[in-house]
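A.B. asks: I have a structure here, written as structure tokens, and I will follow up with some questions on it.
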Amino acid sequence: MKLRHVLMTSAITIGGLQCAHAADDATQTDTTQQVGPVVALPEVDVDASHLPRSFDGRYATTQVLTREDLDRLSPADPSITQALATLPGVTVSQSGGPGATATVSIRGSSSSQVAVFIDGIRVGSSTTGVAEWADLPTEAFERVEVISGPASASFGADAVGGVVQLFTRKASDQPNQTTVSFGGGSNKTFDTEIRTSGSVPSTGALSALHGLTYSLGLHDYNTAGIDATQPWEPYHEDGRNPYHSQDIDARLAYARDNWSISTFMLYHRSDLSYDGGGYDDRQLDHQLTTGVAFHLDITPTVQFDQTFGYANDRQYIYADDPTIPTDEIDSQRFTSSTSLTHQESGWTLWGLPLSGETKIGYDYTREQAFLPVDIPSGVPARDDSAVSLHQSTTLGPVTLFLAGRHEVIQGQSVNTGNVALAWAINPVYTARVSYGNAFRLPTFDDLYYPGYSNPNLQPERSDTVEVALDAATSIGTFTTALYDTRVHDLIALNADYVPFNVIRAHIQGIDFSYKGTIGKYTPVSVSVGLLDPQDVTDSAWLSRRPRQTFSLIVDHTWDEFNLHALSTGFSVLYNGWTYDSVPNVDYLPSFTTVALRAAYTINTHVAVSVSLSNLFDRQYSTAYGYNSLGRTAFAKMTYTF
């Protein structure tokens, strides 16, 4: 594709010329002249991420969901997947109702080509290669960030389609605030949450601990569920599939003038019944993610960051038949990340202000997995060490971003990089062009499962070019992005279910998004995705990738009638048709769902809300042979003190 090569060459050539001229001609001054016009893009939380502190969306297309956004959506399913499905380029497939296995795709990637982090700590199963999305509760998170496109140079393995960063709830800005909520609705669903948070004041008996903040949340969700499978599905069993989950999220932080330290924990336990046709039909999940982060401002322009993390994903698979043994799948990951960041400003070049930021990082990860069968070579383990360098340079209205990463995984070297060029055309418009490559590691199942593995598998690799235009207007932010991704050495199963590197894919697409406020009281979000996901090897469409997606979210606070305590809203979600198999035999029709919601604040302590999802009771499937939630009503009361 000629456009692809032109964009790559332009970005690299311009970047090289800028760096060369800067080295020869830059002179430092005391000027206070500001950098040229820059579009106000979504603010990105970098405290627990792998990106430079100046990162603001100029590197890749980034979508942000705040706690306010998550509260407005009022999803019928407790997992974070329902909120992610509203973003451009993101599609979700789910094998049944709440608690069922779900996959998330970004820009046509597979779910295993999406890297997932909680407060900077990588999560996901080393055996299956995907995050347990049903175990990630919406109520536990303050903020969600989705970076679309290749990001292995910043985040390491599996960031082919993109990265999902989840940030746990932060403390309130009050000495103490406690909230209790109770809810119930269709399918005998009950939801209870208790949350408390606060900070130690600067006066009083505990003033010596000023700077200490805390947050604790307890969440219980119980539903009778739905009948997960179609009657003709081979493993179908009549009856509902109940689901019960319990979550604990906690955070403790302490900050002084130039340093801070924080620790967090997210624990999930769930019990799911599913259709197993007389075999395995019950799954008990335990997922724990915890970490410690330390930040030090060495000088006003130099920062040091150190994080340690641990993530454990454990599943027990049961069967009603006592002669069938219980399977245990257990994977764990230890991580350490060290970085040093330096900002530079006050320079001029060719009469334009020049500033920049450099970040050097070292990451170490050790993965272990305990499979449900004995492995002759012992417990599978994998060590991953990586050194990375990020450089962001802004000259007037132009910003150049470079990232490189050298990774050594079990003695095998992998190099990845990104280059992006952003031009602030005027205070409203910013144009971006970028190139990046990425890779995905084979899972432990792929490498070690007896009789169905291949120890000689190579990582899947990708190359992506993107062109984008951002606009920050008085009514909100618009983003349009065109991308072209080629993936090779994709892992597929042969006739004996043994994995091999055989498939090549070519994915092209367009994402459009708008987020803003119409008038004074009407927040609106619009997302559109157009996708052409081709399996080049088999001349077929990649499965579970809808060709078109659309999302519209509108809310309104009725202040014009002095009803500022009342808000109402609706959501529309459309997924185009796709297939669920290669070759393309199992057809998944397109569908549209509509949701309504309303919330009313009775006083400073009490608030109530109601929602009605899938208003027209649309029967649809995002995974072949599986049902989805029909019309679902839910009501909740919240008391704050």
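The values are calculated or read from the model by the stated rules, or taken from the named source; none is laboratory data. These numbers come from a predicted model, not from an experiment. For neighbour counting, all protein chains shown are included, and Cβ atoms are generated from backbone atoms with ideal geometry for every residue, glycine included. Note: accessible area is taken over every heavy atom of the protein model, side chains too, but ligands, DNA and RNA are not part of it. Shrake-Rupley method; radii C 1.70, N 1.55, O 1.52, S 1.80 Å.
A.B. asks: Over the chain, how many percent of alpha carbon pairs lie in each 20 Å bin up to the one with the longest distance?
C.D. replies: Answer for the chain: a P(r) of 18, 54, 26, 2 percent.
A.B. asks: Please work out the Kirkwood hydrodynamic radius for region 313-399, using every pair of different C-alpha atoms, and report it in angstroms with one decimal place.
C.D. replies: Numbers: mean 1/r = 0.0568 Å⁻¹.
Roughly 17.6 Å, rounded to one decimal.
A.B. asks: Follow-up question, since we're still on this one. So, with +1 on the Cβ of K and R and -1 on the Cβ of D and E, and no other charges, what is the size of the charge dipole of the chain about its Cα centre, to the nearest 20 debye?
C.D. replies: 1360
A.B. asks: Next question. Report the local net charge at THR335: Lys and Arg +1, Asp and Glu -1, summed over other residues whose C-beta lies under 10 Å from its C-beta.
C.D. replies: 0
A.B. asks: Quick check: net charge around ASN575, other residues with Cβ under 12 Å of its Cβ, Lys/Arg +1 and Asp/Glu -1? The partial results should precede the final answer.
C.D. replies: Details: positive: ARG544, ARG545, ARG547, ARG618; negative: none.
Summing Lys and Arg as +1 and Asp and Glu as -1 gives +4.
A.B. asks: State in Å² the accessible area per residue of the chain; use a 1.4 Å probe, count heavy atoms of protein chains only, and round to the nearest integer.
C.D. replies: With the other protein chains kept in place, the chain gives 43 Å² per residue.
A.B. asks: Under a plain spin-label model, where a point goes 7 Å from the Cα along Cα-to-Cβ, how far apart in nm are LEU284 and GLN412?
C.D. replies: Going by the 7 Å Cα→Cβ label model, 3.6 nm.
A.B. asks: Right, another one. Given SER181, THR196, TRP133, which one lies farthest toward the positive end of the charge dipole of region 113-239, if we put +1 on the Cβ of every Lys and Arg and -1 on the Cβ of every Asp and Glu?
C.D. replies: Working it through, the farthest residue towards the positive pole turns out to be THR196.
A.B. asks: Can you sort ARG440, ARG314 by solvent-accessible area, 1.4 Å probe, largest first?
C.D. replies: ARG314, ARG440
A.B. asks: Using only the Cα atoms of region 423-472, what do you get for the radius of gyration and for Dmax, in Å?
C.D. replies: Using the Cα atoms of region 423-472, the pair Rg, Dmax is 19.8, 60 Å.
A.B. asks: Right, another one. Counting pairs of alpha carbon atoms under 8 Å apart in space and at least six apart in sequence, what relative contact order in percent does the chain give?
C.D. replies: Across the chain, relative contact order equals 13 percent.
A.B. asks: How many nm separate the modelled label positions at PHE304 and ASP238, each set 7 Å beyond the Cα in the direction of the Cβ?
C.D. replies: 6.8
A.B. asks: Additional query: Report the chymotrypsin sites (Phe, Trp or Tyr not before Pro) located in region 583-618 that are in a DSSP loop and have at most 14 other Cβ atoms inside 10 Å of their Cβ, or state none.
C.D. replies: The qualifying sites are PHE616.
A.B. asks: Which semi-axis lengths, in whole Å and largest first, follow from the square roots of five times the eigenvalues of the Cα gyration tensor of region 438-504?
C.D. replies: Result for region 438-504: semi-axes of 39, 12, 9 Å.
A.B. asks: Still on this structure, I have one more. What value, in deg cm²/dmol to 500, does the helix sum -39500 (n - 2.57) over DSSP H runs of n ≥ 4 give at 222 nm once divided by the residues of the chain?
C.D. replies: Computed ellipticity for the chain at 222 nm equals -2000 deg cm²/dmol.
A.B. asks: Could you tell me whether region 171-285 comes out rounded, prolate or oblate from its Cα gyration tensor? Rule is a ≥ b ≥ c as square roots of the eigenvalues, rounded for a/c under 1.5, then prolate if a/b exceeds b/c, otherwise oblate.
C.D. replies: prolate
A.B. asks: How high is the FRET efficiency from TYR362 to LEU252, r the C-beta distance, R0 35 Å, rounded to 0.05?
C.D. replies: 0.85
A.B. asks: Next question, about the same structure. Reported to two decimal places, what Rg/Rh ratio describes region 87-225 when computed on Cα atoms with Rh from the Kirkwood expression?
C.D. replies: For region 87-225, the value is 1.07.
A.B. asks: Shifting gears a bit: Report TYR497's accessible area, 1.4 Å probe, all protein chains in place, as a number in Å² to the nearest 10.
C.D. replies: TYR497 has an accessible surface of roughly 140 Å² with all protein chains in place.
A.B. asks: Just report the Cα centroid separation between region 466-538 and region 569-637, whole Å.
C.D. replies: Region 466-538 and region 569-637 have Cα centres spaced 22 Å from each other.
A.B. asks: Same structure again: With only alpha-carbon pairs counted, each pair once and no self-pairs, how large is the Kirkwood hydrodynamic radius of region 535-590 in angstroms?
C.D. replies: Answer for region 535-590: a Kirkwood hydrodynamic radius of 14.2 Å.
A.B. asks: Quick check: convex hull of the Cα atoms in region 572-641, volume per residue, rounded to a whole Å³?
C.D. replies: 100
A.B. asks: Taking the Cα centre of region 484-534 as origin, work out the dipole magnitude from +1 charges on Lys and Arg Cβ and -1 charges on Asp and Glu Cβ, in debye rounded to 20.
C.D. replies: On the way: 4 positive and 5 negative charges, 72 e Å.
In debye, rounded to 20, region 484-534 gives about 340.
A.B. asks: Report the accessible area of HIS244, computed with a 1.4 Å probe over the heavy atoms of all protein chains in place, in Å² rounded to the nearest 10.
C.D. replies: 60
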